[in-house]
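As structure tokens, the structure follows; a few thoughts come after it.
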Amino acid sequence: MASGSHKVIYAALGANFIIAVSKFGGAFYTGSSAMFSEAVHSVVDTGNQGLLLLGISRSKRPPDRIHPFGYGAEVFFWAFVVAILIFAVGAGISFYEGVIKLLEPHPITNAWVNYIILTGAMGFEAFAWWIAYKEFRASQDTQRAFRPLQAVRQSKDPTVFTVLFEDTAALLGLVAALVGVFLSDFYGIVWADGVASLVIAAILAGAAILLAYETKGLLIGEAASRPVTESIRKMVEASPKILHINEFRTMHLAPREILLALSVDFADEMSSVEVEEAVSQLEMKIKKAHPNVSRIFIEVQSERRHDQFAAEEENNRSES
């Protein structure tokens, strides 16, 4: 795992811990439900960063008999757990606090404390968000136009975009809390504080659903990015001894670990020694160009026999 992911997580961890302590103090001092919701949000985010660090640590374990391809997918799993916690704990408690405040509204006291804490929290969150954004941006293809949502869908490292999601939700939640406190304090709209908690719950729920959707794809197994697959395919097709590519499949075992499975048809006049040498040369060429391709399996099979087996498998699936 790249050190950049650690830097992003540690920055978010430190910022959220400081913010959580200050928010809880402000919530108990002023009685603001929006501030309490934000405090819970920061605690959840702090715990989430710990889970991401746990995932990174566990993903480094070497392959064994039970998991012959290693534990790289641990990162995907813990990112999915983070999404569940954001939804269940962060959004759930914020929703509860909002409903309670709407049912039993009471004015906020010493609102200036909330203003100071929320403004300071925005500064810390903006700093953590900027670090996460720069790391996420650096991991993207600089030759193409940057589209945030598309970049998230194409990203294979959930540690970075999870923190980016959390920090974005945190900044939006702080804005909602600040508006709620201001309306309650300045205009006397007591229920505005409770509505702010409900808005924070909605923000967290939306971030959690989007994060869960993206990490689910990684858990199931996503192919390598299009630039990588196109580059490898061109290398294979460029080999004069390969007549046809029967199958071409890739899958991310970890953010920076790709499995490549090929079925190719070599020229009939080649001897077994020549085929073995051609396979070895192709593997070395691919790994040199794409170090993240850590596992390569090449099956040698005629195009005719491959099509025959594929047709039989399709018939068996149809009958079942």
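The values are calculated or read from the model by the stated rules, or taken from the named source; none is laboratory data. Since the structure is predicted, the reported quantities are computational estimates derived from the model, not experimental observations. Heads up, the Cβs are rebuilt from the backbone with ideal geometry, glycines too, and the neighbour counts pull from every protein chain shown.
Can you tell me which of ALA27, ALA11 is without any contact (Cβ under 8 Å) to a residue 40 or more places away in the chain and crowded, with 16+ Cβ neighbours inside 10 Å? Let's see the steps before the verdict.
On the way: ALA11 fails: without any contact (Cβ under 8 Å) to a residue 40 or more places away in the chain.
So the residue among ALA27, ALA11 that is without any contact (Cβ under 8 Å) to a residue 40 or more places away in the chain and crowded, with 16+ Cβ neighbours inside 10 Å is ALA27.
Which one is surrounded by the fewest Cβ atoms within 10 Å (Cβ to Cβ), of the residues in segment 132-167 that are aliphatic (A, V, I, L, M) and at pLDDT 75 or above? Walk me through how you get there before you give the answer.
So the first thing to find is which residues in segment 132-167 are aliphatic (A, V, I, L, M), and the list is 132, 138, 145, 149, 151-152, 160, 163-164.
In the following step, the residues that additionally are at pLDDT 75 or above were identified as 132, 138, 160, 163-164.
Values: ALA132: 27, ALA138: 11, VAL160: 25, VAL163: 30, LEU164: 25.
Step by step, filter segment 132-167, then rank; the result is ALA138.
Look at segment 211-242 and say how many of its residues are outside any loop (DSSP other than H, G, I, E, B), surrounded by fewer than 17 Cβ atoms within 10 Å (Cβ to Cβ) and not charged (D, E, K, R).
The first filter runs over segment 211-242 and keeps only residues outside any loop (DSSP other than H, G, I, E, B), leaving 211-220, 226-238, 242.
Next, only the ones that are surrounded by fewer than 17 Cβ atoms within 10 Å (Cβ to Cβ) stay: 213, 216-217, 219-220, 226-227, 230-231, 233-235, 237-238.
Next, from what is left, pick out any that are not charged (D, E, K, R): 213, 217, 219-220, 227, 231, 235, 238.
Residues in segment 211-242 being outside any loop (DSSP other than H, G, I, E, B), surrounded by fewer than 17 Cβ atoms within 10 Å (Cβ to Cβ) and not charged (D, E, K, R): 8 in total.
Do we find a residue being surrounded by fewer than 17 Cβ atoms within 10 Å (Cβ to Cβ), hydrophobic (A, V, I, L, M, F, W, C), in a loop (DSSP other than H, G, I, E, B) and more than 22 Å from the chain's Cα centre (by Cα) anywhere in segment 264-274? Reasoning before the result, please.
Let us first name the residues in segment 264-274 that are surrounded by fewer than 17 Cβ atoms within 10 Å (Cβ to Cβ), namely 267-274.
Filter again for hydrophobic (A, V, I, L, M, F, W, C), leaving 267, 270, 273.
Imposing the further condition that a residue be in a loop (DSSP other than H, G, I, E, B) reduces the set to 267, 270.
Next, only the ones that are more than 22 Å from the chain's Cα centre (by Cα) stay: 267, 270.
Yes: one or more hits.
For segment 50-95, name all the residues that are of a type in the set (Val, Ile, Thr) and farther than 28 Å from ILE296 by Cα. Walk me through how you get there before you give the answer.
Step one: list which residues in segment 50-95 are of a type in the set (Val, Ile, Thr), which gives 56, 66, 75, 81-82, 84, 86, 89, 93.
VAL81, VAL82, ILE84, ILE86, VAL89, ILE93, listed by residue number.
Just checking: which of the helices (runs of 4 or more DSSP H) contained wholly in segment 1-91 hold 3 or more residues that are touching a Gly at 6+ places or on another chain (Cβ under 6 Å)? Let's see the steps before the verdict.
Details: elements: 3-30, 33-59, 74-85.
Output list reads 33-59, 74-85.
Test each condition in (1) of a type outside the set (A, V, I, L, M, F, W, C); (2) under 26 Å from VAL190 (Cβ atoms); (3) surrounded by fewer than 24 Cβ atoms within 10 Å (Cβ to Cβ) for TYR71 and report the one that comes out false.
(2)
Within the set of pairs 6+ apart or on separate chains, which have a first residue in segment 190-219 that is closer than 30 Å to HIS106 by Cβ and without any contact (Cβ under 8 Å) to a residue 24 or more places away in the chain, a second that is crowded, with 17+ Cβ neighbours inside 10 Å and of a type in the set (Asp, Glu), and C-beta atoms under 7 Å apart?
none
May I ask you to verify whether ASN48 is more than 30 Å from TYR187 (Cβ to Cβ), buried (at least 22 other Cβ atoms within 10 Å of the Cβ) and touching a residue at least 40 places away in the same chain (Cβ under 8 Å)? Even if it seems obvious, please write down each step before you answer.
Working: more than 30 Å from TYR187 (Cβ to Cβ): yes; buried (at least 22 other Cβ atoms within 10 Å of the Cβ): yes; touching a residue at least 40 places away in the same chain (Cβ under 8 Å): yes.
Criteria met by ASN48.
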